[in-house]
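The values are calculated or read from the model by the stated rules, or taken from the named source; none is laboratory data. Every value quoted in this text rests on a predicted model; they were computed, and no experiment measured them. As a convention, Cβ positions derive from the backbone with ideal geometry for all residues, glycine included, and neighbour counts pool all protein chains shown.
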Amino acid sequence: MILSRVRRFSLLLLFLIPILAYGADQLVCQVCHKSITGKYVKLTNGNRTVYVCESCMNNSDKCVMCGFPVAKGKKLCPSCEKKAPTCDFCHKKCIGKYSRFNTGEIACNECMSGPVCARCGHPTPGVTLEDGKINLCPKCNKEALRCAACGSVIIGQYAKHPYVDGVFCMNCEKIHPKCGMCGRPIATRPVMKLAGERPICLECLKTSILTQDGMQTMLETSAAFAFKLYGMKVDHQLPLHLVDDIDLVRKDSGMPGSGQELGLFYRNGDDFSIYVLAGLPLELATETMLHEWTHAWFAENGHALHPRWVQEGFCQWMASKVLKSKGYTNGFVRLRDRTDMYGKGYRYVQSIEDDAGSPQAVFKYMKSEPASGAPRQRDGQ
Ligand SMILES: [Zn+2]
Ligand SMILES: [Zn+2]
Ligand SMILES: [Zn+2]
Ligand SMILES: [Zn+2]
Ligand SMILES: [Zn+2]
Ligand SMILES: [Zn+2]
Ligand SMILES: [Zn+2]
């Protein structure tokens, strides 16, 4: 962002008082800096007075700032040179217009009319264009975000997905098919597809769980983890369904579709079931299974007056435990930092544990009716 403050460069009106005189005492010519012995001219502008010898008067250029005579080829008189700011990019004095950035740096007009950094707008003297299209200063070259799909530098808007590290440029986001699991734009070809024509990225495909048996094992592992860690149990039967579209299941059961869902806990009276996307990669399956299993636990043990986002936060809190225990550090950080209801809920529930210094406080909280002043279920939550 440039905060441009341009210095008006105006030729001040000179009051030339051509007093031709001889033999003045100790006068020094402004241009050649020699003592004036012969004819000279006295020039006055406001309270500034200079003397120029006759030969310099006939053979000089004009200061571009004040119009006083200067030696041939020079642009600024000594006084203007002292006042002119130094360009932080070419380190020469700024002649005429210059720009000031909100970082305080100053760029001369000459530098500004050369190549400038596409990210911060600073001049980039001596920098060659990357790929012939985008120009970055060394600082931005180091700091700029790069698209995780195409590698190009990101300027301005970008996209982020809750289940993937890195960010994506809007172009990749627009033109590529999205992975049905993690949501990232898939830039590689050919695009692999699962049942239901769902594209899957190569990263997710590596550990994708496609069979009922494989996913059933994940569910049992989740239950065993929760039991071992906190003695949690679910008494109801928990049939597991692998599906190609969670939103479809939600709509069929009258719930609003909510975009990118990986799993779903469904309850109809005493009928409990878990739906999960077929093909989830191991890490996302680990997170999702424990999350959905925790919904089942909450249905048996939790207090229904906790609002939806706190319930989701509790399920995420349990999922965070398994991610940490498996060493899925990136997955944990993504879960922790999500900007949606799931992230907000997780941080709320984690703060209950942190404040009490014990995870047991979380269970006590989820089992009891929210105290007055605590978040509580309202219509539409
Ligand atoms: Zn002179
Ligand atoms: Zn000047
Ligand atoms: Zn410059
Ligand atoms: Zn820059
Ligand atoms: Zn890209
Ligand atoms: Zn993926
Ligand atoms: Zn949930």
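Filtered by the rule that a residue be touching a Leu at 6+ places or on another chain (Cβ under 8 Å) and among the aromatic types (Phe, Trp, Tyr), the range 323-342 gives 332, 342. Filtering 229, 240 for residues that are within 16 Å of ligand 7 (Cβ to nearest atom) and not charged (D, E, K, R) leaves a single hit, 240. Residues in the range 222-229: is at least one among the hydroxyl-bearing types (Ser, Thr, Tyr) and crowded, with 22+ Cβ neighbours inside 10 Å? Checked against the condition, which is being among the hydroxyl-bearing types (Ser, Thr, Tyr) and crowded, with 22+ Cβ neighbours inside 10 Å, the range 222-229 yields at least one hit. Here the strands (runs of 3 or more DSSP E) wholly within the range 143-244 that include at least 1 residues being among the aromatic types (Phe, Trp, Tyr) are 158-160, 167-169.
Residues in the range 52-80 that are aliphatic (A, V, I, L, M) and under 52 Å from the mean Cα position of the chain (by Cα) were compared, and the one that is farthest from ligand 4 (Cβ to nearest atom) is 71. When the range 264-280 is limited to residues that are part of a strand (DSSP E or B) and in contact with a strand residue (DSSP E or B) (Cβ under 7 Å, 6 or more places away or on another chain), the one that is nearest to ligand 6 (Cβ to nearest atom) turns out to be 277. Being in contact (Cβ under 8 Å) with a residue 40 or more places away in the chain and farther than 17 Å from residue 212 by Cα is the requirement here; does residue 286 meet it? No. Residues in the range 46-68 that are within 29 Å of residue 99 (Cβ to Cβ) and part of a strand (DSSP E or B): 48, 61, 62. Would you confirm, using the coordinates I've provided, whether residue 234 is of a type outside the set (Gly, Ala, Ser) and farther than 30 Å from residue 359 by Cβ? No. Residues that are part of a helix (DSSP H, G or I) and either among the acidic types (Asp, Glu) or not assigned by TED's automatic domain parsing to the domain that holds residue 317 (or both) within the range 339-353 comprise just one, 353. Among the conditions (1) within 28 Å of residue 32 (Cβ to Cβ); (2) modelled with pLDDT under 90; (3) of a type in the set (Gly, Ala, Ser), the only one that residue 84 does not satisfy is (2). Restricting 133, 142 to those that are modelled with pLDDT under 85, of a type in the set (Lys, Arg) and not assigned by TED's automatic domain parsing to the domain that holds residue 66 reduces the list to 133.
The rows are residues; the columns are (1) surrounded by 14 or more Cβ atoms within 10 Å (Cβ to Cβ); (2) within 16 Å of ligand 7 (Cβ to nearest atom); (3) aliphatic (A, V, I, L, M).
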site	(1), (2), (3)
148	yes, no, yes
154	yes, no, yes
162	yes, yes, no
168	yes, no, no
171	yes, no, no
182	yes, no, no
193	no, no, no
200	yes, no, yes
205	yes, no, yes
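Within the range 281-327, the set of residues being of a type in the set (D, E, K, R), over 28 Å from the mean Cα position of the chain (by Cα) and either assigned to a helix (DSSP H, G or I) or crowded, with 23+ Cβ neighbours inside 10 Å (or both) comprises 292, 300, 308. Within the range 74-98, residues that are not assigned by TED's automatic domain parsing to the domain that holds residue 61 and surrounded by fewer than 20 Cβ atoms within 10 Å (Cβ to Cβ) reach partners that are in a loop (DSSP other than H, G, I, E, B) and among the acidic types (Asp, Glu) with beta carbons closer than 6 Å, at six or more positions or on different chains, in the pairs 88/105. Restrict the check to the range 311-329 and report whether at least one residue is away from ligand 2 (no atom under 16 Å from the Cβ), in contact with a Pro (Cβ under 9 Å, 6 or more places away or on another chain), outside the structural domain of residue 199 (by TED's automatic domain parsing) and closer than 27 Å to residue 167 by Cα. Yes.
Taken over the range 107-123, the residue count meeting the criterion of being under 19 Å from residue 64 (Cα atoms) and touching a strand residue (DSSP E or B) at 6+ places or on another chain (Cβ under 7 Å) is 5. In the set 151, 156, 196, only one residue is in contact (Cβ under 8 Å) with a residue 40 or more places away in the chain and on the phi > 0 side of the Ramachandran plot; that residue is 196.
Residue count for the range 75-94 satisfying the condition of being part of a loop (DSSP other than H, G, I, E, B) and more than 10 Å from ligand 2 (Cβ to nearest atom): 8.
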